[in-house]
């Protein structure tokens, strides 16, 4: 029979808060693209006003029918706890923790947006931006605008933006977990899913503390929001979750479209499987949820056909394994899947998990047929699988609690006693998954960051005062040199010097500096300099432990390289 599509289904106050926090992220991503598409600049002040308005609009659309202080407290604990912890990891500088070329390439596009407040349209800029000229810009726009709003810049805002998205998607995971719990289970048990994220630092945080997968990390927020919206709609169909799905799906495509397939497939399957609705009602739901996503995708692809080549991009990503996800998470998630097969409460999560696995399998087959050395895009789906796995763990815990409550009778005891036991379970799991991280912090970010504030200040000074192609990098780390060369000094990616790996190797740089007739200037990390090198330079401008230095003796520089 038909189901009424009211604008406000039985969503909770916590879910209203979550959607209101999600709204500015998604709105800014979509609105900046629309503004650029019609020839306008997406300047920081009007975009800030739009972000604030989106919060108000989201709060007006999502009218909670369930008002529980406990859910709000749990949501805030999850979001603020994860956010504060991630900021602490990067304190005191709050610079990105990752290293590798991916981070540098993303920072190049962030800088371009900061300078122009437009997207890339000139084909000749590919010489400077490489494939980033065609890249979907959602995460870069957010970082650039956050830098402008905070009075800093995109580099210094990037980690905070990523931390905020990880924290908020942890909150959406909690909300999904609350929907998976049976009525007999105490609400704090939903925190099990958030706690178990820490069992897998490889997939929880190392995407942006090791590899610099900027767009992927931000896109995961929108994907998890799409999944939550599907789960909320599946339990009680209403308009609000469909609007969230459409908004988050559009933002997903404009941030990292590789991830839009799994939640879109899951959402479509769930709508068509909703037998309580007429076929016409289901079609209307599909149109409401998917039309905005389809329009955004069509406009972007038609305007940037070169983007299609990014679908075949290669790279390095970890292979999924028991150790990568953590034995505790894998065991509980497996039990949760078995529970979900017999309880409709977990159907939306199982469909999303299956959709992600199906997409990973498709990517794997494509990579095999293409003869790729590594099924890169298939492996990237491993990061997405973490979230439904954590939810399945909550489903397993809820089923176990329900079974015990049935045996004990009377709902398993007093409510307060149940909450105490639930908190004990959460704390015990926290100790189990947290001890390895305390013993070995390298599990969180195994390599030193490529960026530093002193070197950043030195690089900006050098860009303003000396020819960028005439600068050597005496910094002791090849990834730091690569970052300075491209993202700070703005050298073109398509040039002989950029393409020569010896440009960034620390030993080669020292040899070149000690050889007469080399480049006249260098950005130096002073504590890393050998004594012999220190005797062959004059400091032009110092910035703490970094400096811009000048060579003594004869020099040469060909700016065309």
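Residue pairs whose Cβ atoms lie under 7 Å apart, sitting 6 or more positions apart in sequence or on different chains, and linking a residue in the range 459-482 that is modelled with pLDDT of 95 or more to a partner that is surrounded by fewer than 18 Cβ atoms within 10 Å (Cβ to Cβ) and assigned to a strand (DSSP E or B), are 461/541. Selection of the range 407-433 for residues being more than 19 Å from residue 187 (Cβ to Cβ), modelled with pLDDT under 95 and in a helix (DSSP H, G or I) yields only 407. Considering (1) within 30 Å of residue 426 (Cα to Cα); (2) surrounded by 15 or more Cβ atoms within 10 Å (Cβ to Cβ), the lone condition that residue 32 does not fulfil carries the number (1). For residue 48, the conditions (1) surrounded by 13 or more Cβ atoms within 10 Å (Cβ to Cβ); (2) more than 24 Å from the chain's Cα centre (by Cα); (3) closer than 23 Å to residue 112 by Cβ all hold with the exception of (2). With respect to the stated conditions, residue 263 is modelled with pLDDT of 90 or more and assigned to a helix (DSSP H, G or I). Just to be sure before I move on: is residue 476 at positive phi and touching a strand residue (DSSP E or B) at 6+ places or on another chain (Cβ under 9 Å) in the structure I sent? In short, yes.
Residue by residue, here is whether (1) more than 16 Å from the chain's Cα centre (by Cα); (2) crowded, with 24+ Cβ neighbours inside 10 Å; (3) assigned by TED's automatic domain parsing to the domain that holds residue 47 holds:
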| residue | (1), (2), (3) |
| --- | --- |
| 147 | yes, no, yes |
| 152 | yes, no, yes |
| 159 | no, yes, yes |
| 164 | no, no, yes |
| 167 | no, no, yes |
| 171 | no, yes, yes |
| 184 | yes, no, yes |
| 188 | yes, no, yes |
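Could you identify the single residue in 393, 356, 348 that is in contact with a helix residue (DSSP H, G or I) (Cβ under 8 Å, 6 or more places away or on another chain), within 24 Å of residue 434 (Cα to Cα) and buried (at least 21 other Cβ atoms within 10 Å of the Cβ)? None of the others qualify; the one that does is 393.
Yes or no: residue 103 at pLDDT 95 or above and more than 23 Å from residue 500 (Cβ to Cβ)? No.
Of all residues in the range 367-381, at least one satisfies being more than 28 Å from the chain's Cα centre (by Cα) and outside any helix (DSSP H, G or I). Residue count for the range 412-433, restricted to those that are loosely packed, with under 14 Cβ neighbours inside 10 Å and in contact (Cβ under 8 Å) with a residue 24 or more places away in the chain: 1.
Quick one: is residue 448 surrounded by fewer than 22 Cβ atoms within 10 Å (Cβ to Cβ), within 16 Å of residue 99 (Cβ to Cβ) and free of Cβ contacts under 8 Å to residues at least 60 places away in the same chain? So residue 448 fails the test. Selection of the range 503-540 for residues being loosely packed, with under 14 Cβ neighbours inside 10 Å and in contact (Cβ under 8 Å) with a residue 60 or more places away in the chain yields an empty set.
Quick check, is residue 24 at pLDDT 95 or above and more than 21 Å from the chain's Cα centre (by Cα)?
Spelling it out, it is not the case that residue 24 is at pLDDT 95 or above and more than 21 Å from the chain's Cα centre (by Cα).
Looking across 264, 219, 280, one residue alone is in the same structural domain as residue 164 (by TED's automatic domain parsing) and under 16 Å from the mean Cα position of the chain (by Cα). It is 219. Taken together, 103, 178, 129 contain a single residue that is assigned by TED's automatic domain parsing to the domain that holds residue 68, part of a helix (DSSP H, G or I) and in contact with a strand residue (DSSP E or B) (Cβ under 9 Å, 6 or more places away or on another chain), which is 178. Scanning the range 226-263 for residues that are surrounded by 24 or more Cβ atoms within 10 Å (Cβ to Cβ) and more than 25 Å from residue 64 (Cα to Cα) yields 252, 253, 254, 255, 256, 259, 260, 262.
The values are calculated or read from the model by the stated rules, or taken from the named source; none is laboratory data. It should be emphasised that the depicted structure is a prediction, and the values quoted were computed from it without experimental measurement. Ideal geometry is used to build each Cβ from the backbone, glycine not excepted, and the neighbour counts take in all protein chains shown.
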